[in-house]
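Scroll down for the structure; my scribbles are underneath it.
The values are calculated or read from the model by the stated rules, or taken from the named source; none is laboratory data. Keep in mind the model is a prediction, meaning the values are calculated, not measured. We place every Cβ from the backbone using ideal geometry, glycine too, and count neighbours over all the protein chains shown. The area values use the complete protein model at the heavy-atom level, side chains included, leaving out ligands, DNA and RNA. Shrake-Rupley method; radii C 1.70, N 1.55, O 1.52, S 1.80 Å.
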Amino acid sequence: MFKNYIMVAVRNLVKNKLYSAINIVGLAVGLAACVMIALFVKDELSYDTQWAKADSLYRLHTTFTLPGRAAIPTVRAPGPVKSQILEYFPEEIAATTRFNSMNPVLRYEGKVVSEQIFWTDPETADLFDFNVVAGDIHKALNDNSSLAVNETFAKRYFGDADPIGKVVTLTNYQIERDYKITAVFEDLPNNTVLDIQALAKIDEADFTGQTWEFGEWYSTNNYLFFELKEGADVGVITSQLNTFINASAPPSGGEGQVTDFMQFSVQALTDIQLYPFGRNGSEMKPTGSMTSVIIFVSIAVLILLIACINFMNLATAKSTQRAREVALRKVLGAKRGQLVTQFLGETVMVAVMGLVLGIVLVEVFLGPFSAFVGKELAFDYGDGLTISVLVGLVLFVGTIGGVYPALVLSGFLPATVLKANKSAETNGSAALRNGLVVVQFAISIGLIIATSAVFGQRWYATSMDPGFNKDNLMIIRNVGRAGAQQNQDAFRREVLRLPGVVSAAYSSDSPASGNESNRNVMREGADPATESVLIGTHSVDYEFFDTYEIELLKGRIYSRDFATDGTPAIPSDAEAQATQGTLIINEAASRRLGFTSVEEAVGSRVRMGRNPASMEIIAVIRDMQYQSLRRVMRPEMYLLNRADFRTLTVKYTGSPAPVASAIEGVWRTMMPDVPFRHDFVDTVMAAEFEQESQQSVLLAVFAGLAIVIACLGLYGLASFTAERRTKEIGIRKVMGATVFDIVRLLIWQFSKPVLLANVIAWPIVVYGLVTWLETFPYRLEAWWLIIFCLSAGTIALSIAWVTVGGNAASVARTNPIKALRYE
Amino acid sequence: MLKLHNLSKYYRTDEVETVALNSVNIEIESGEFVAIMGPSGCGKSTLLNIIGMLDNPSSGEYVFMGEDVAGYSEAKLANIRKQNIGFIFQSFNLIDELTVAENIELALLYHNIPSKIRKERVAHVMDKVGIAHRAKHMPSQLSGGQQQRVAVARAVVGDQAMILADEPTGNLDSAHGQEVMEMLQSLNEEGTTIVMVTHSPSHADYARRTINLFDGHVVTENLRAAQ
């Protein structure tokens, strides 16, 4: 009996090659996509679970709530909190440690490079179990002239030689010191939010000139982790953080409590990857998000659903052709249960074939996929869980795909089937198929619209007018470092002489740096306690506005012709009340300061914080997205303050490469001890959206897959329908219908479900996308969604037409008597 | 009306060549009622299909209303066919998903006739064959005789000059068969040319001429005096 089932199943597969291929390929693609997404999601969920103390490690976050500004969340904390929080919560916290990222200049055997190194506390070695392959990390982190480095770092400088004991020279701020490599650890795996290649011990005595790094309560430069004592409740800490701040922080100078503008919060280490807290770019490396995990899981489910629908549709469609076989089996004594088993067995068999092909696809495409998402994904055949999930999936798909036809077929009354001598298509199964096609296309259309919106938003964000001309701008970094700072004027002069250089301007930040630097500003005569407002600060050079081509709304830019231009330093004695200076603000700052027009602002005087100098506003510029395209435009001022220059922006013409190498040549002759680093403004700005861009490509790929699978199904269904309607087509042709009439007839039959799918998909997707777009400060206007909907509808319809049309045409061309002769 | 000269039809497979029609010469005048008879496999249906331009002859001449159509393209043939020829099949060949009225209307659908006129003509022809009370019914709800009446109505609704009937009574009991034959006869009296394939000598008697086919040859032609 069983042998007979297998034989019939195999013969059916071979006889209906097209259906079999569509079923198997569609299912394989669906399963492969699911497996790859599952591996991706599994990896996302595994972040930082590998640490021995994963469950007891937390990170302290700081949020600033400044009047008139949106809250500024940061994932870092002030340096002094490290020891103070430990003392404040002796029952709850076992240990704390800090990581502070710096880019010292590293010298080794003639190489001069700026390397990212984390300064950290000795407790790091206890909290995080780095896999040490040589040396002793505890020793390394207890010595302020030792380094613990990873294997890649060691290989980069020392090749195959034993790195332990090798000495490199680091220059960090004013301190130049030899560091001995005393520990080497394995490169951190991909699935941790830590991204560390080298560690040095924090010796606060080294940073007395830079108290903001570790010594100030209102500067947050440290990732601060703590270990919760066994049995302690993290809730106790969270509930008392405000009391802790107000008890521990030094007076801020303003009125009220410290917690009015500064709060702490706590996040478990294992939550960091999927529930990002701070602003984009403030983590050691880009994090993922639960939203994208949910999106990808949904896509996997949808793709699998589409593949299952194909399976069901083709199985029910095909099954009606086997009515005779079923009837005969019944006449010969088959019980209903046996028939159900037979048909379910067949679909499970096809599903198993799909699985095998799907695993082949995973093997082929997992490599490129891993590389694209920047993970090391591997498919582990030995993993019991993976295997049981896959087997379960196949049984599920096979059963879902087979259960309806199995039940319908086995329910046929043999007498009717045999007497009617035709396919026993029930209205129910046809309606079900149409319904499922609608579902498939609604999903596909929804995915197309969502993908377009994601691309559209990215395009909008990256092509948005930032308020300055971002083209042909090169950023030269490291100009504020010791060894470069004193040469700034001479270096700029030399750069301006180079061919291709149009202009060059120093400034404190470059675009998209995301730096947050603010000062209190108030209008002359205002009450400092109540009327002072916080305004974002950049330090700029005379040439800054011309180099960036920034629009001046009113007034004049800084000029060397005015001796008073600039920001006076804070005088040491109170008598210097009479000093004067000038500043340039943007429109938002003008409004924030209470000016009703830019005309009123220009010529007015303000004071900044503790600086007694009277500052004249000499110009108001148009608002620009200098800080970051991802944030809301803030009130800003642009001070002429030469002490603070850290980048040089060069406007060039022609090809950038020769200009860059010429500038590097000048740099190397003038400042050989400082590493040369350069970037381009447009690429730096685009990099802010790198993650979105990667995800939108993934989304597009999977949406494409979903459509391909849906179309495979539609093609199978269309050819089946054409086959079933052969007689009708024959009659119509005898009545004078042309090939075109027939093709139109069949195409229209399949256009109806696609049109209905549009009607269903549009409102749902548009609602979701409008909600999603609202999370962006600068977003695509909603009417674009209408265009996306219409295009997605057109695309889906055209794909359906092409899919159905070819098949319909070949059917329509056959001689009608062939269809009518054998009734 | 039409003239077949030395017309042959072969079916070829890799191994055998089957001759369905062998140098057939037939002439049919306008307004004639011709019956084609012969045993199974003698080529009756092939002949009818070629006359109806549903199939192409392998060789020979086919002159239809003064035009040699043997080499015409499919589209051109389809056009001549829909203007001039109506079909009635043994198995009725109604579309299951369409109502009686819609099945009849189908024959006008490909003629660029405005909807209103189509409806009028369908109503008229349904009256004529006595099926008007079943206009909204599906074919599966009708008896065989009623279904064939629908098929006849469909064949004549376009005012075709010629009706080709392939065993129109083969699936019917004798009473219903009689009905259909009388309908064809009255159509013929109104001037429609009718060519009918049949196994039944009594039904062949309705025709004025009988052509007997055997193994692809015309063996005899019997003329009957007008009744």
Set B:K9, B:K3: member being touching a residue at least 40 places away in the same chain (Cβ under 8 Å) and crowded, with 22+ Cβ neighbours inside 10 Å: B:K9
Do we find a residue being assigned to a loop (DSSP other than H, G, I, E, B), in contact (Cβ under 8 Å) with a residue 24 or more places away in the chain and under 23 Å from A:N222 (Cα atoms) anywhere in the range A:105-115? yes
Do we find a residue being open to solvent by less than 20 Å² (accessible area, probe 1.4 Å) and either assigned to a helix (DSSP H, G or I) or within 14 Å of chain B (Cβ to nearest Cβ) (or both) anywhere in the range A:668-676? no
Would you please name the residue that is nearest to the chain's Cα centre (by Cα), looking only at residues in the range B:76-90 that are facing chain A (nearest Cβ under 9 Å) and open to solvent by 40 Å² or more (accessible area, probe 1.4 Å)? B:Q90
For the range A:374-388, name all the residues that are closer than 16 Å to A:A32 by Cα and surrounded by 14 or more Cβ atoms within 10 Å (Cβ to Cβ). A:L377, A:F379, A:T386
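Can you find a residue in the range A:812-819 that is in contact with a Gly (Cβ under 7 Å, 6 or more places away or on another chain) and farther than 29 Å from A:S628 by Cα? If you could, list the steps in order and put the result at the bottom.
Kept after step one, since they are in contact with a Gly (Cβ under 7 Å, 6 or more places away or on another chain), are these residues of the range A:812-819: A:816, A:819.
Filter once more, keeping what is farther than 29 Å from A:S628 by Cα: A:816, A:819.
Yes, the conditions are met somewhere in the range A:812-819.
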Please specify each residue of the range A:7-55 satisfying the condition of being surrounded by fewer than 17 Cβ atoms within 10 Å (Cβ to Cβ), assigned to a helix (DSSP H, G or I) and in contact with a helix residue (DSSP H, G or I) (Cβ under 8 Å, 6 or more places away or on another chain). A:V8, A:V14, A:L18, A:L45, A:A54, A:D55
Specify the residue that is nearest to A:A718 (Cα to Cα); the eligible residues are those in the range A:273-301 that are part of a helix (DSSP H, G or I) and either without any contact (Cβ under 8 Å) to a residue 60 or more places away in the chain or open to solvent by 50 Å² or more (accessible area, probe 1.4 Å) (or both). A:V301
Some residue of the range B:153-168 being of a type in the set (D, E) and crowded, with 20+ Cβ neighbours inside 10 Å: yes
So which residues in the range B:22-56 are touching a residue at least 60 places away in the same chain (Cβ under 8 Å) and touching a helix residue (DSSP H, G or I) at 6+ places or on another chain (Cβ under 6 Å), if there are any at all? B:F33, B:A35, B:I36, B:M37, B:G38
Out of A:A792, A:A808, A:A761, I need the residue that is surrounded by 19 or more Cβ atoms within 10 Å (Cβ to Cβ) and closer than 30 Å to B:F92 by Cα. Which one? A:A808
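Go through A:V765, A:V759 for me and flag whichever is free of Cβ contacts under 8 Å to residues at least 24 places away in the same chain, in a helix (DSSP H, G or I), away from every other protein chain (no Cβ under 14 Å) and β-branched (V, I, T). It would help to see each step written out before you state the result.
Details: A:V765 fails: free of Cβ contacts under 8 Å to residues at least 24 places away in the same chain.
The unique qualifying residue is A:V759.
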Filter the range A:691-748 for residues that are open to solvent by 50 Å² or more (accessible area, probe 1.4 Å), assigned to a helix (DSSP H, G or I) and facing chain B (nearest Cβ under 10 Å) and give the result. A:F740
Limited to the range A:310-346, what total is found for residues that are open to solvent by 10 Å² or more (accessible area, probe 1.4 Å) and farther than 18 Å from A:V10 by Cβ? 13
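Can you tell me which residue in the range A:811-823 is modelled with the lowest pLDDT, limited to those that are in a helix (DSSP H, G or I) and within 14 Å of another protein chain (Cβ to nearest Cβ)? Step through it out loud before you land on a result.
First pass over the range A:811-823, keeping only residues in a helix (DSSP H, G or I): A:811-813, A:816-821.
Then keep just the ones that are within 14 Å of another protein chain (Cβ to nearest Cβ); that gives A:812-813, A:816-821.
Working: A:A812: 78, A:R813: 78, A:P816: 74, A:I817: 71, A:K818: 68, A:A819: 65, A:L820: 68, A:R821: 59.
Here the residue is A:R821.
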Count - residues of the range B:136-152 that are more than 22 Å from B:S202 (Cβ to Cβ) and open to solvent by less than 20 Å² (accessible area, probe 1.4 Å): 3
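I want to confirm something. Restricting to the range A:616-628 and keeping residues that are of a type in the set (A, V, I, L, M, F, W, C) and in contact with an Asp or Glu (Cβ under 9 Å, 6 or more places away or on another chain), which single residue is nearest to A:N641 (Cα to Cα)?
The extreme case among them is A:I618.
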Quick check on my filter: what residues within the range A:357-377 are free of Cβ contacts under 8 Å to residues at least 60 places away in the same chain and not polar (S, T, N, Q)? A:E363, A:V364, A:G367, A:P368, A:A371
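Do we find a residue being of a type in the set (S, T, N, Q), in a strand (DSSP E or B) and either touching a Gly at 6+ places or on another chain (Cβ under 6 Å) or closer than 24 Å to A:A512 by Cα (or both) anywhere in the range A:647-662? I'd like the intermediate steps shown before the answer.
Step one: of the range A:647-662, the residues of a type in the set (S, T, N, Q) are A:647, A:649, A:653, A:655, A:661.
Checking which are in a strand (DSSP E or B) leaves us with A:647, A:649.
Applying the additional criterion that residues be either touching a Gly at 6+ places or on another chain (Cβ under 6 Å) or closer than 24 Å to A:A512 by Cα (or both) yields A:647, A:649.
Yes, there is a match, as at least one residue in the range A:647-662 is of a type in the set (S, T, N, Q), in a strand (DSSP E or B) and either touching a Gly at 6+ places or on another chain (Cβ under 6 Å) or closer than 24 Å to A:A512 by Cα (or both).
Would you confirm whether or not the range B:106-118 contains a residue that is in contact with a Leu (Cβ under 9 Å, 6 or more places away or on another chain), modelled with pLDDT of 85 or more and part of a helix (DSSP H, G or I)? I'd like the intermediate steps shown before the answer.
Step one: filter the range B:106-118 for residues in contact with a Leu (Cβ under 9 Å, 6 or more places away or on another chain), giving B:106, B:117-118.
This time we only want the ones that are modelled with pLDDT of 85 or more, so: B:117-118.
So of that shortlist, the ones also part of a helix (DSSP H, G or I) come out as B:117-118.
Yes, because at least one residue in the range B:106-118 is in contact with a Leu (Cβ under 9 Å, 6 or more places away or on another chain), modelled with pLDDT of 85 or more and part of a helix (DSSP H, G or I).
Okay, residues lined up against (1) touching a helix residue (DSSP H, G or I) at 6+ places or on another chain (Cβ under 7 Å); (2) in a strand (DSSP E or B); (3) β-branched (V, I, T); (4) open to solvent by less than 30 Å² (accessible area, probe 1.4 Å):
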| residue | (1), (2), (3), (4) |
| --- | --- |
| A:E616 | no, yes, no, no |
| A:Q627 | no, no, no, yes |
| A:R634 | yes, no, no, yes |
| A:M637 | yes, yes, no, yes |
Can you tell me which residue is nearest to the other protein chains (Cβ to nearest Cβ) among those in the range B:24-75 that are open to solvent by 60 Å² or more (accessible area, probe 1.4 Å) and assigned to a strand (DSSP E or B)? B:E67
Filtering the range B:98-117 down to residues that are of a type in the set (A, V, I, L, M, F, W, C) and under 24 Å from B:A75 (Cα atoms), which residue is surrounded by the most Cβ atoms within 10 Å (Cβ to Cβ)? B:I104
